[in-house]
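Heads up: the structure comes next, in structure tokens.
The values are calculated or read from the model by the stated rules, or taken from the named source; none is laboratory data. Predicted, not measured: the structure shown is a model, and the values here were computed from it. Please note: Cβ atoms are built from the backbone with ideal geometry, for glycine as well, and neighbour counts cover all protein chains shown. Ligands, DNA and RNA are excluded from the accessible area calculation, which covers all protein heavy atoms including side chains. Shrake-Rupley method; radii C 1.70, N 1.55, O 1.52, S 1.80 Å.
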Amino acid sequence: MADYDVAIVGGGCIGCSTAKHLAERSELEICLLEKEYHLATHQSGRNSGVLHPGFNYPPGSLKARFSTEGTRRMKAYFDEHDLPLEHTGVLVVATTDREERRLSDLQAQATENGVETEIVTGESAVREYEPHARGQAALYCPEAASVDSQQYVYQLAADAKASGVDFYVGHRVDGIDFDGEHAITTSKGTVTASYLINAAGLHADRIAAEVGVGRGYQIVPFRGEYYELVPGTEDVCQSMIYPTPDPDLPFLGVHYTRRTDGKVIVGPNAVLAFGRESYRNTEVNLRDLAETLSYGGFWKLMASREMASVAWDELNKSYRKQRFVEAARRLVPSVREEDFARSYAGVRAQLLDADGNLIKDPMLTDGPRSLHVLNAVSPGLTSSLPFGDHVAETALEALE
Ligand SMILES: Cc1cc2nc3c(=O)[nH]c(=O)nc-3n(C[C@H](O)[C@H](O)[C@H](O)COP(=O)(O)OP(=O)(O)OC[C@H]3O[C@@H](n4cnc5c(N)ncnc54)[C@H](O)[C@@H]3O)c2cc1C
């Protein structure tokens, strides 16, 4: 095969955004290696498609910066390329006094992050935004939007290709030998590159380990399953209806999202997946499962009583539709079990350290003539333009 200045592993939103930014700013010879025959096959094409404008992230964090900037840049990009985007806004509903108090914290955070929000109080005020939602108060954020993430990734790739990037789909990276430059063994031959960028999503820790990077961390896969409302019942959600997030929990509870095609999806839950690409709750990958179960960090995470109880709850929502519907009914009481049909699922690449801490901020680590996106944590789609830009910039600095 060929010889490149830079090889990027992974054709999701982060890899393609990095390819676009790097190619547009340099004369480097760049290739992108993707193991599947289509781009955005994993996280970047199996998500809620929501632009999260950063009201829920600690001010000053990389996550807050990327998601706030990302939302604005994505909107301009979608506009420029005429890609599907609906300016729905999001309604975060409080159903208890504790949650209502939390809305004020969220609003303060949003203001510090430069994100516009409004708090409404009383059931009838909540219903003015979403007639079928029930809550004693709500925070409305008009900047949130719904997008088609697959079309977005293909547009990024088109931009990158137009700037000279070679795409190799159906090329799985199986091994990397570094000896001043990288000899990258793929399922269809060897590519050499002076510099490597790892944006391999659910497998980023494994690619990093090939060059001795990120040893203190492991990706633990958490599946997010969706139901969709059957035709004729979608009117119960006009935009997006979210529960008030619990700051101690890593994943948001079940929520409603109106997609750009008009479908309303409900979910995702967050259940330990028995494989990094196990999209059904009956699918097991023995290698992946053994790796998770032999990781000390995983057991330290599960040792917390709260996490164990959340894990049990989420498992129940996966195997028992009734439990899922009960969670959904907290926000919209009128929905019935027969209104829900099983839909698709995605698997989140959750990075865990050896002490069992969930890594919540995006993480980029350097290695021998290489950069590794070890954590493109949610909202990674929202963040992908500034994040890819940042990866490209960091790589260019290293190459100089
Ligand atoms: C259920 C769910 C809901 C989400 N909802 C949202 C949301 O509403 N808004 C939001 O902003 N974010 C959301 N996210 C997060 C967002 O989808 C991810 O943060 C983002 O897609 C990560 O992109 P990525 O490019 O790093 O990973 P990926 O999209 O997983 O891309 C990695 C690519 O690397 C390839 N690859 C892996 N190993 C190899 C190898 N050995 N050789 C070659 N190629 C390889 C894979 O095939 C894959 O295509 C959600 C995620 C999930 C799972």
What shape does the range 221-353 take by its C-alpha gyration tensor, where a ≥ b ≥ c are the square roots of the eigenvalues and a/c under 1.5 counts as rounded, a/b above b/c as prolate, and the rest as oblate?
prolate
Solvent-accessible ranking of His171, His81, His38, His372, largest area first, probe 1.4 Å
His38, His81, His171, His372
³J(HN,Hα), Karplus 6.51/-1.76/1.60, whole Hz, each residue of the range 167-172, x for Gly, Pro:
9, 10, 8, x, 10, 7
Could you tell me which of Gly135, His81, Gly45 has its Cα farthest along the dipole of the chain towards the positive end, charges placed at Cβ (Lys, Arg +1; Asp, Glu -1), taken about the Cα centre?
Gly135
Taking the Cα centre of the chain as the origin and placing charges on Cβ (Lys, Arg +1; Asp, Glu -1), which of Thr292, Leu381, Phe55 is farthest toward the positive end of the dipole?
Thr292
With a 1.4 angstrom probe the carbon and sulfur portion of accessible area for the chain, in percent, totals 47 percent
Starting from a Cα-only point model with no solvent, please compute log10 I(q)/I(0) by Debye for the range 289-400 at q = 0.19, 0.23 1/Å.
-1.11, -1.25
Figure the gain on full extension for Glu393 and Asp246 (residue separation times 0.36 nm, minus the Cα-Cα span) and round it to one decimal in nm.
49.5 nm
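Where the only charges are on Cβ atoms (+1 Lys, Arg; -1 Asp, Glu), what is the dipole of the chain about its Cα centre, to the nearest 20 debye?
Details: 39 positive and 58 negative charges, 264 e Å.
So the magnitude is around 1260 debye.
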Per-residue counts of other Cβ atoms within 10 Å, averaged by peptide: what ranking do you get for 266-273, 318-325, 174-181, 128-135, highest first?
266-273, 128-135, 318-325, 174-181
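In a shell of Cβ-Cβ distance under 14 Å around Leu103, excluding Leu103 itself, what net charge do Lys and Arg (+1) and Asp and Glu (-1) give? Please list the in-between numbers first.
Numbers: positive: Arg98, Arg101, Arg102; negative: Asp97, Glu99, Glu100, Asp105, Glu118, Asp246.
Once all neighbours under 14 Å are counted, the net charge is -3.
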Label Ser104 and Arg329 with points 7 Å out from Cα along Cα→Cβ: what is the distance between them in nm?
3.3 nm
So what is the relative contact order of the range 221-353, in percent, for Cα pairs below 8 Å that sit 6 or more residues apart?
37 percent
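Given only helices, namely DSSP H runs of n ≥ 4 each adding -39500 (n - 2.57), what is the per-residue ellipticity at 222 nm of the chain, to the nearest 500 deg cm²/dmol?
Working: 11 runs with 136 residues, N = 400.
Theoretical 222 nm ellipticity from helices: -10500 deg cm²/dmol.
Could you order Thr95, Thr190 so the one with the most accessible surface comes first? Probe is 1.4 Å.
Values: Thr95 45, Thr190 65 Å².
My answer, sorted largest first, is Thr190, Thr95.
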Compute the helix-to-body angle for 149-162: its Cα long axis versus the longest principal axis of the chain, expressed 0 to 90° and rounded to tens.
30 degrees
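Between Tyr37 and Ala209, what length comes free when the chain is fully extended (0.36 nm per residue of separation minus the Cα-Cα distance, one decimal in nm)? Present the calculation step by step, with values, prior to reporting the outcome.
Values: separation 172, 0.36 × 172 = 61.92 nm, distance 2.44 nm.
Taking 0.36 nm per residue and subtracting the Cα distance, the gain is 59.5 nm.
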Could you work out the relative contact order of the range 146-196? I mean the mean sequence separation of Cα pairs under 8 Å and 6+ apart, divided by the number of residues, in percent.
21 percent
In nm, what is the difference between 0.36 nm times the number of residues separating Ala125 and Asp353 and their Cα-Cα distance?
77.8 nm
5 Å is the cut-off here: which amide hydrogens, built 1.01 Å from N in the peptide plane, fall below it relative to Leu51, excluding neighbours closer than 5 in sequence?
Ala145, Ser146, Val147
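Over the chain, with the other protein chains present, what is the accessible area per residue in square angstrom, probe 1.4 angstrom?
Accessible area per residue: 41 Å².
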For Cα pairs less than 8 Å apart in space and 6+ apart in sequence, what is the mean separation divided by the residue count of the chain, i.e. the relative contact order in percent?
24 percent
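Quote the charge dipole size of the range 271-400 about the Cα centre in Debye, to the nearest 20; the model charges only the Cβ of Lys and Arg (+1) and of Asp and Glu (-1).
Values: 16 positive and 19 negative charges, 166 e Å.
Around 800 debye, computed over the range 271-400.
Restricting to the chain, compute how many DSSP beta bridges are antiparallel as a %, nearest 5.
70 percent
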Backbone HN-Hα couplings from phi across the range 76-90 [Karplus 6.51/-1.76/1.60, Hz, Gly and Pro as x]
5, 5, 5, 5, 4, 9, 6, 9, x, 8, 10, 7, 7, x, 10
Once phi for every residue in the range 53-68 is put through the Karplus expression 6.51 cos²θ - 1.76 cosθ + 1.60 (θ = phi - 60°), the whole-Hz ³J(HN,Hα) values, with Gly and Pro written as x, are x, x, 7, 9, 10, x, x, x, 6, 4, 4, 4, 5, 5, 6, 5
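When averaged across all projection directions, what area in nm² does the alpha-carbon convex hull of the chain cover? Kindly include the intermediate steps, with their values, before the conclusion.
Details: hull surface 74.6 nm².
Approximately 18.7 nm², given one-decimal rounding.
Within the set of other residues whose C-beta is less than 14 Å from the C-beta of Asp148, count the net charge using Lys and Arg as +1 and Asp and Glu as -1. Working shown, then result.
Working: positive: Arg46, Lys75, Arg258, Arg259, Lys263; negative: Asp79, Asp82, Glu86, Asp261.
So the environment of Asp148 carries a net charge of +1.
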Run the simple label-point estimate for Trp299 and Asp177 please: 7 Å along Cα→C-beta, distance reported in nm.
3.7 nm
Just the projected area, averaged over all directions, of the convex hull on the alpha carbon atoms of the range 31-118: how many nm²?
8.1 nm²
